[in-house]
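**Student:** One structure coming up, written as structure tokens, with questions to follow.
Read-outs throughout are calculated quantities, based only on the coordinates presented, and are distinct from any laboratory measurement. A quick note: this is a predicted structure, and the numbers were derived from the prediction, not measured. Here the Cβ is made from the backbone with ideal geometry for all residues, glycine too, and neighbour counts use every protein chain on show.
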Amino acid sequence: MYLFPKWVNGSGLAIAIGALALPAYLGGLLWYGASPKAMDVGYKPTQPIEYSHALHAGKLGIDCRYCHTAVESAPHAAIPSAQTCMGCHTNLRGDSPKLEELRKRFNDGMPIEWVRVHDISDFAYFDHSAHVNRGVGCVECHGRVDRMEKVFQAQPLSMAWCLDCHRNPDARLRPPELVTKMDWSADAQQTQWAEKFRKTHNINPKQDCSTCHR
């Protein structure tokens, strides 16, 4: 008596081929069809309330930290609540039809359901405060948001992209008080300044797995 039917004898090759092909198939499926949109350069979702960064951060010059209040003290930058927005719009164009949803959320106390644009995978850890307090400007990761009518993802935010910065931090460093200045550009002395700043403040970005995967 056989424990398994005879046709099982010829299935070894098929199983081996399937075992090799399945990871490639799943990888291709994830890469081409099932990868999250928030990992794509150019991803630009529609938000529940129209908000022009080009107007607010650009033309009006509102500092990033007015809305993203936790960026210097916490891993997450924080997104503005209806109360933050109404701090200005109670007296400024408060009756605009474009702000109907904002007024509704402000009055009922419910949060604004902003759509996340820069969405790093859950298995990766990123601390905003650790970067901005060491002179990494917002523009390095987010691009020129002061020119964006609708914010989009400007950088890949991939592991290779992050490691490139960790291996060569000097080119991304600036005086910490200028991290939110979008139009800042390095001068001829920036390389020397950055090298000295990095050594003085013991900035030595780690490259081991546990730095980002905890």
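**Student:** Whole-Hz Karplus ³J(HN,Hα) for the range 43-51, in order, using 6.51 cos²θ - 1.76 cosθ + 1.60 and θ = phi - 60°, x for Gly and Pro?
**Tutor:** 4, 9, x, 7, 8, x, 10, 5, 9
**Student:** Something else: Between the helical axis of 190-200 and the dominant principal axis of the chain, each derived from Cα atoms, what acute angle in degrees is found, rounded to the nearest 10?
**Tutor:** 80 degrees
**Student:** Is the shape of the chain rounded, prolate or oblate, going by the alpha carbon gyration tensor and its root eigenvalues a ≥ b ≥ c, with a/c under 1.5 for rounded and a/b larger than b/c for prolate?
**Tutor:** Verdict is oblate for the chain.
**Student:** In degrees, nearest 10, range 0 to 90: what is the angle between the Cα axis of helix 12-29 and the longest Cα principal axis of the chain?
**Tutor:** Computed tilt is about 10 degrees.
**Student:** Ser96 versus Ile49, label points 7 Å from Cα toward the beta carbon: distance in nm?
**Tutor:** That separation, rounded to one decimal, is 1.1 nm.
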